[in-house]
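The values are calculated or read from the model by the stated rules, or taken from the named source; none is laboratory data. Predicted model only: the values in this text are computed from it and were never measured. Quick reminder, even Gly has a Cβ in these numbers, built from the backbone with ideal geometry, and neighbours come from all protein chains shown. Each accessible area value is taken on the protein alone, full model and side chains, heavy atoms only, with ligands, DNA and RNA left out. Shrake-Rupley method; radii C 1.70, N 1.55, O 1.52, S 1.80 Å.
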Amino acid sequence: AKCQCKVVPRDRTNCGYPGISAAECKKIGCCFNASIPSVPWCYNPKAKKVKKVCPNDPYTRINCGYPGIKAKECTRKGCCFRAHPAGVPWCFYHRVMEE
């Protein structure tokens, strides 16, 4: 994404090798901007912003506990807890979503 390449010149971390082309730089998943001399032109993009969410669909839950686990124990493990519906894990892992 373009916004991930908006890195101020002093914060750029080099990604590639001296003389790398824009095409080669992008091919390895990096950003290229040759407008400022003496800073990396091929550099690492900003990390994507992500957030943890508890999935809404009970049938996509990935078990994080064991049968009969208590809500307190589940959340202590850092997982989601919803005691419904029957037949699916009540203690389950978060999903990571891009913001």
Going through the stretch 82-99 in order, the residues found to be modelled with pLDDT under 95 and outside any loop (DSSP other than H, G, I, E, B) are Arg95, Val96, Met97, Glu98
Quick check: anything in the stretch 67-81 surrounded by 11 or more Cβ atoms within 10 Å (Cβ to Cβ) and part of a strand (DSSP E or B)? yes
State yes or no: is Val39 within 26 Å of Glu99 (Cβ to Cβ), open to solvent by less than 60 Å² (accessible area, probe 1.4 Å) and not assigned by the TED database to the domain that holds His94? no
So how many residues does the stretch 1-28 have that are assigned to a helix (DSSP H, G or I), open to solvent by less than 40 Å² (accessible area, probe 1.4 Å) and touching a Pro at 6+ places or on another chain (Cβ under 6 Å)? 1
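Condition first: under 28 Å from Cys5 (Cα atoms) and not polar (S, T, N, Q). Can you find one or more residues in the stretch 53-62 that meet it? Explain how you work it out, then say what you get.
Restricting attention to the stretch 53-62, the residues satisfying the condition of being under 28 Å from Cys5 (Cα atoms) are 53.
So of that shortlist, the ones also not polar (S, T, N, Q) come out as 53.
Yes, the conditions are met somewhere in the stretch 53-62.
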